[in-house]
Amino acid sequence: MTENRLASSTSPYLLQHKDNPVHWYPWGPEALAAAKAENKPILLSVGYAACHWCHVMAHESFEDTSTADVMNRLFINIKVDREERPDIDQIYMKALHALGEQGGWPLTMFLTSDGEPFWGGTYYPKEAKWGHPAFVDMLEAVSRTYHTDRDRIETNRAGLLEALKTEITPTAPIDRSLMMAAGERLLSLYDPEHGGIKGAPKFPQASILDLIWRTGLRAGNDKAKETFLHTLRQISNGGIYDHLKGGIARYSVDHLWLVPHFEKMLYDNGQYLDHLVTAYLATGEDLFRNRIEETFGWLLDEMRMEGGAFAASLDADSEGVEGKFYVWTAEEITEVLGEEDAALFARAYDVSPEGNWEDVTILNRLKASSLTAKDEARLARLRKKLLDRRSRRIRPGLDDKILADWNGLTIAALARAARFVSRESCLEAARTAYGFIMETMIRDDRLGHSWRNGRLLLPGFASDYANMMNAALALAEACPEDAMTYIADAEMLGKVLVQDYRTKEGAFYLTAADAEGLIVRPVTSADEATPNPNSMAALAFAKLYILTGKTEYRDLADKVLIALSADIPKNVFATASLLTAFDTRTNGRLAVVVAPSGSDPNPFLKVLSKAVDPALHCLVLESTDDLPEDHPAKGKNTLEDKPTIYLCREGACSFPMTRRKELEEALTVIP
């Protein structure tokens, strides 16, 4: 075996480093055994394929022979893809936070030969700058301390291990006042002019946006709802959005949504798509409808893999330069479009000879005033010309691994979009991706996490189960003819989640009971760029209760929320998705549309399609006879053989409604 052991990895991120002169190991017992045998500390480097600063550190240090020589002499070096191994990333990122560091990637941690952390940071420059020591100087100092000052190492090690312990302390159930107070607190952090959290950088913060929308609905707070919509408008017009092809980048480095870090992540775009659907339902604005269509097109054209599931990410860099694929000069735009068309395009998309970022232009419509329909049609043609020119550039790298949890978020959004914007192709894409995950990434009812080149990483994580449960339930609502099949899938996934991941308090560990042993078994209530797996599990079980009436699912959702309720007042910023799950659990409603064969439920469905409450769910059935025995709509069928609707909540249903106006009036009452 070569001294760099990454060549047989499936992760595109690890394969990016397979030719480094660093003697990288993948995570595993071989690396830990080598650290023990050679009496060396471990240098753990965690990143992901689309990460710009990961590339910078790689080019500066990991590809440099002299730096690699120091690393190889002093450390056992382990490289981890945080997307493939979120369990490892979560443990050591938490350790970094305990050291008082903000966190980020690349994550650079120093461990004992047992994998226990004692020091760390993020990006280290090759030469000393920005208050950071030179990477090699820092390596020499850490190694020297490790071998000569064991008391200091032991103090750090013991303190960090203590910080990594997770104590779940169930308290009283969450109440509505906590949710409303959290929404108000988060709303106060928002930038009234530009949207998003005040200051820079700006992240989409999907879980927080969800909560702000829901609290706005529950409180009748128009300011909260407008904050959600304004933020979506700014993102959709900003440079963070790809105006030629669709989809958003990871975040904006400024306070304007203008300059992104250009990587495009599947999870961001799945959540963005879901928000666009809500915004379109609430406003009917063409902006949101267009962004739905464009982002869906990007997913199909650039992210869909053979078999129909979606790849993880597109890189920030191409040709070694961040954003090079996406930016323009005024001269190139004029060359492609001609002077007259280029002038119109420049006014709409903030194009100038001096550029708006490092002498080039990031296309955006943050400054554009409203244009005529004729001008918009003309701009659409011009965008196609520029897209054709861009397609000839060297493309950013694609991380083509398929992650079950990120696909779950995207499938659920596509299924919801298909219901409300009537795109059959959108529903077909959701069903095909779902079918790939459930057919290719399951072994003996156990879901895997990552698939690439015919290799499946098993067992999966709690996030995989929870997100795919929610995907199944979204498809159950979008596909009436197969609703019970999708619900059965969600029940099967939930059974395994409870069996293999549940804590004694009722929350869920990230890792399965039989997964590889780590220094701790991670469990979290904190959101990252995606909602945390406990929130998604509580949401899925709450939806299962709403759709099936089975009280066991209500109890499972409640136990998650009670188990982690003490964490919410400590940090509402990081636990917004727990409150979103609580909202569905307590305010969830089910519209049961009973439409005998040959009858037309569309008048009811058109009313429901305008509902902006994400806690309102729908089942369309020919008969309720096959519903579970505990379901409140069981046995409630049609009146006079007409399509009939029942609104059900907390084990009880409304009177039967056969007229559209009755349903409209009932829906005006928002819990």
TODO: Determine the share of the range 451-520's accessible area contributed by carbon and sulfur atoms, expressed in whole percent, with a 1.4 angstrom probe.
DONE: 48 percent
Task: Selection from Ser352, Met536, Ala311 lying farthest towards where the dipole of the chain points positive, charges on Cβ - done: Met536
TODO: For the range 437-499 and the range 629-671, compute the distance between their C-alpha centroids and round to whole Å.
DONE: 30 Å
Task: Cubic angstrom per residue, convex hull over Cα atoms of the range 327-381 - done: 72 Å³
- [ ] Name the shape class, rounded, prolate or oblate, that the alpha-carbon gyration tensor gives for the range 375-457, where a ≥ b ≥ c are the square roots of its eigenvalues, rounded holds for a/c under 1.5, and otherwise prolate holds if a/b is larger than b/c and oblate otherwise.
- [x] oblate
TODO: Please sort 482-493, 408-419, 622-633 by packing, taking for each peptide the average over its residues of neighbouring beta carbons within 10 angstrom, highest first.
DONE: 408-419, 482-493, 622-633
Task: Charge dipole of the chain about the Cα centre (unit charges at C-beta), most positive-ward option of Gly494, Ala433, Ala128 - done: Gly494
Task: Packing rank of 435-444, 95-104, where each peptide gets the mean count of other beta carbons within 10 Å, highest leading - done: 435-444, 95-104
Task: Gap separating the Cα centres of the range 182-200 and the range 224-260, nearest whole Å - done: 14 Å
TODO: Any chance you could run the full-extension gain for Asp600 through Lys570? It's 0.36 nm times the residue separation minus the Cα-Cα distance, nm to one decimal.
DONE: 5.8 nm
Task: Cα-based convex hull volume of the range 583-671 per residue, rounded to whole Å³ - done: 86 Å³
Task: Net lengthening on full extension, Asp375/Trp357 (0.36 nm per residue, minus Cα-Cα) - done: 3.9 nm
- [ ] Rank-order 266-279, 533-546 by packing density, defined as the average count of other C-beta atoms within 10 Å over each peptide's residues, highest first.
- [x] 533-546, 266-279
Task: Cα→Cβ-extended label distance, 7 Å offset, between Leu387 and Arg455, nm - done: 3.5 nm
- [ ] Report the label-to-label distance for Glu60 and Ala368 in nanometres (one decimal), using points 7 Å from each Cα along the Cα→Cβ vector.
- [x] 3.7 nm
TODO: Take the solvent-accessible surface of the protein heavy atoms, probe 1.4 Å, and return the percent of it on the range 1-132 that carbon and sulfur atoms account for.
DONE: 52 percent
- [ ] Give the ranking of Lys495, Lys367 by solvent-accessible surface, highest area first, calculated with a 1.4 Å probe.
- [x] Lys367, Lys495
TODO: Taking Cβ-Cβ under 4.7 Å as the only way to count a partner, pick out the unpartnered cysteines of the chain.
DONE: Cys426, Cys479, Cys618
Open item on the list: Quick check on the range 275-433: take the gyration tensor over C-alpha atoms, sort the square-rooted eigenvalues as a ≥ b ≥ c, and tell me if it's rounded (a/c under 1.5), prolate or oblate.
Closed with: oblate
TODO: Might you tell me the accessible area per residue for the chain, computed with a 1.4 Å probe and given in Å²?
DONE: 39 Å²
Open item on the list: So for the range 229-337, averaging the separation of alpha carbon pairs under 8 Å that are six or more residues apart and normalising by length, what relative contact order in percent results?
Closed with: 24 percent
Task: Carbon and sulfur %, accessible surface of the range 164-259 computed with the full protein complex present, 1.4 Å - done: 54 percent
TODO: Excluding residues fewer than 8 places away in the same chain, name every one of the lysines whose C-alpha is closer than 30 Å to that of Lys40.
DONE: Lys18, Lys79, Lys94, Lys126, Lys129, Lys165
Task: Convex hull (Cα only) mean projected area of the range 1-115, reported in nm² to one decimal - done: 6.7 nm²
Task: Rounded to 5, percent antiparallel among DSSP beta bridges of the chain - done: 75 percent
- [ ] Treating only the Cβ atoms of Lys and Arg (+1) and Asp and Glu (-1) as charged, compute the dipole magnitude of the range 101-184 about its Cα centre; round to the nearest 20 debye.
- [x] 160 debye
Task: Extreme residue, positive dipole direction of the chain, given options Ala330, Leu74, Ile248 (C-beta unit charges) - done: Ile248
Open item on the list: About the Cα centre, and with charges only on the beta carbon of Lys, Arg (+1) and Asp, Glu (-1), how big is the dipole of the range 151-195? Nearest 20 debye, please.
Closed with: 140 debye
Task: Nearest-0.05 FRET efficiency for Glu167 and Glu30, computed from C-beta distance (R0 30 Å) - done: 0.35
- [ ] Would you mind pulling out the separation of the Cα centroids of the range 371-410 and the range 268-315, in Å?
- [x] 11 Å
Task: Overall dimensions of the range 399-557 as given by Cα atoms, namely Rg and Dmax in Å - done: 15.0, 49
TODO: Treat every Asp and Glu Cβ in the chain as -1 and every Lys and Arg Cβ as +1, leave all other atoms uncharged, and give the resulting dipole magnitude about the Cα centre to the nearest 20 debye.
DONE: 920 debye
Task: Separation of the Glu516 and Asp19 label points, Cα + 7 Å toward Cβ, nm - done: 2.6 nm
Open item on the list: What does the extension gain come out to for Ala158 and Glu528, with contour length at 0.36 nm per residue minus their alpha carbon separation?
Closed with: 130.6 nm
TODO: Would you mind calculating the relative contact order of the chain from Cα pairs under 8 angstrom and at least 6 residues apart, reporting the percent as a whole number?
DONE: 11 percent
- [ ] Assign one of three labels to the range 210-315, namely rounded, prolate or oblate, based on the Cα gyration tensor with a ≥ b ≥ c the square roots of its eigenvalues; rounded applies when a/c is under 1.5, prolate when it is not and a/b is larger than b/c, and oblate otherwise.
- [x] prolate
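The values are calculated or read from the model by the stated rules, or taken from the named source; none is laboratory data. None of these values were measured; they are calculated from a predicted model. When we count neighbours, we look across all protein chains shown, and the Cβ atoms used for this are built from the backbone with ideal geometry, even at glycine. What goes into the accessible areas is simple: the full protein's heavy atoms, side chains included, and nothing from ligands, DNA or RNA. Shrake-Rupley method; radii C 1.70, N 1.55, O 1.52, S 1.80 Å.
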